[in-house]
Amino acid sequence: MSEFVTIDLPPCSLRAQRWGDAALPPLLALHGWLDNAGSFARLAPLLAEHHHVIALELPGHGHSDHLPAGSHYHFLDYVRDVLAAADALQLARYTLLGHSLGAGVAALVASARPQRIERLLLIEGLGPLGDDGSHTLQRFRDALAPRSDKPLRVFHSIEQAVEARSMVSGLATELARPIVERGLLETGGGWRWRSDPRLTRSSASRLAESQVHALLRGITAPTALLLAQPATSYLPDAMMQARAACVADITVTHMDGGHHLHLEHPQAVADWIAAA
């Protein structure tokens, strides 16, 4: 069984889903972009025998609050949010698990507070998206250009939303369902996404790849990185190898499957975590 908890942090409250006995060693899990705690619905119960699993929902995602009007979502602010949530949960030392965006955030959390992290477990991500300079100017202009957000799509049923997410992500409908059900809000005309529409806006800037490497060198915890095979397009082998080389104690494993390995192969991923 699991339960949901609220973590009050200024300027917003975050939600988290917990599995396992609170007396067990804590494992803090961070989901991917536009995902939520449902991302760990198949994996967390397998980990709960040995861990108190806490799947935190980042601001703007799942049931966590959206940022106030006029605010913007920045990658480094997610790092601050996770550190603040860990303090609020009184996690003096913990294992940190992240997927995709959550893996990028987790890596920088481990770099910022190395003394707090028991183990670092990363699925399909190691640090934030970087910048080689070739698209910096256009990205900057695009992010600052005037824009109006499109009206939120309204789905007639949960099934329609599941099918839409499945088509976009490539996940089978039964695997997409936990994320979709957690990520919907019922309205008068049907269902719409609960996540903040501002999450889809482009960032005006990214860290240079050299800066990402410098931050990754700050990770001291034993680290395990799990990558999908074939490689995800925005996680090319050469880039990931160069980043992994920056981490002193890291093991890299490849697994056949797509970007959401922990939903596709929960037992295999649980076995990978146990062996890490």
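The values are calculated or read from the model by the stated rules, or taken from the named source; none is laboratory data. Being a predicted model, the structure only gives us computed values, none of them experimental. FYI the Cβ positions are ideal-geometry reconstructions off the backbone, even for glycines, and counts take in every protein chain you see. Each accessible area value is taken on the protein alone, full model and side chains, heavy atoms only, with ligands, DNA and RNA left out. Shrake-Rupley method; radii C 1.70, N 1.55, O 1.52, S 1.80 Å.
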The one condition in (1) out of contact with any Pro (no Cβ under 8 Å at 6 or more places or on another chain); (2) on the phi < 0 side of the Ramachandran plot; (3) at pLDDT 95 or above that Q90 fails to fulfil: (2)
Tally the residues that are of a type in the set (A, V, I, L, M), within 20 Å of R15 (Cβ to Cβ) and either part of a loop (DSSP other than H, G, I, E, B) or without any contact (Cβ under 8 Å) to a residue 60 or more places away in the chain (or both), restricting the search to region 83-120. 5
Looking at (1) farther than 30 Å from D271 by Cα; (2) surrounded by fewer than 23 Cβ atoms within 10 Å (Cβ to Cβ), find the lone condition where L129 falls short. (1)
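Specify which of the listed residues (L43, L14) is within 20 Å of L199 (Cα to Cα) and touching a residue at least 60 places away in the same chain (Cβ under 8 Å). Even if it seems obvious, please write down each step before you answer.
Details: L43 fails: within 20 Å of L199 (Cα to Cα).
Answer to the check: L14.
Could you look through region 59-81, keep only residues that are among the aliphatic types (A, V, I, L, M) and outside any helix (DSSP H, G or I), and pick out the one that is surrounded by the most Cβ atoms within 10 Å (Cβ to Cβ)?
Of all residues in region 59-81, those among the aliphatic types (A, V, I, L, M) come to 67, 69, 76, 79.
Then drop every residue that is not outside any helix (DSSP H, G or I), which leaves 67, 69.
Working: L67: 18, A69: 6.
Checking each candidate, the answer is L67.
Taking region 17-46 only, how many residues are aliphatic (A, V, I, L, M), open to solvent by less than 10 Å² (accessible area, probe 1.4 Å) and not in a loop (DSSP other than H, G, I, E, B)? It would help to see each step written out before you state the result.
Here is the first cut: in region 17-46, the ones aliphatic (A, V, I, L, M) are 22-24, 27-30, 34, 37, 41, 43-44, 46.
Restricting the remaining residues to those that are open to solvent by less than 10 Å² (accessible area, probe 1.4 Å) gives 27-30, 37, 43-44.
Narrowing further to those that are not in a loop (DSSP other than H, G, I, E, B): 27-30, 37, 44.
Count: 6.
Scan region 217-231 for residues that are among the polar types (S, T, N, Q) and open to solvent by less than 70 Å² (accessible area, probe 1.4 Å) and jot them down. Steps first, please.
Here is the first cut: in region 217-231, the ones among the polar types (S, T, N, Q) are 220, 223, 229.
Selection gives T223 alone.
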D149 of a type outside the set (A, V, I, L, M), modelled with pLDDT under 95 and closer than 27 Å to L185 by Cα: yes
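Looking at H156, H213 in this structure, which one is more than 30 Å from H52 (Cβ to Cβ) and in contact with a Cys (Cβ under 8 Å, 6 or more places away or on another chain)? Spell out how you get there, then give the answer.
Working: H156 fails: in contact with a Cys (Cβ under 8 Å, 6 or more places away or on another chain).
From the options H156, H213, the qualifying one is H213.
Okay, residues lined up against (1) free of Cβ contacts under 8 Å to residues at least 40 places away in the same chain; (2) open to solvent by less than 30 Å² (accessible area, probe 1.4 Å):
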residue	(1), (2)
G133	no, no
R153	no, no
S169	no, no
T187	yes, no
R194	no, no
V212	no, yes
L215	no, no
Looking at region 240-273 only, could you name the residues that are in contact (Cβ under 8 Å) with a residue 24 or more places away in the chain, more than 21 Å from A176 (Cβ to Cβ) and assigned to a helix (DSSP H, G or I)? M240, A242, R243, A244, W272, I273
When region 82-126 is checked residue by residue, the ones that are touching a strand residue (DSSP E or B) at 6+ places or on another chain (Cβ under 7 Å), open to solvent by 20 Å² or more (accessible area, probe 1.4 Å) and acidic (D, E) are E118
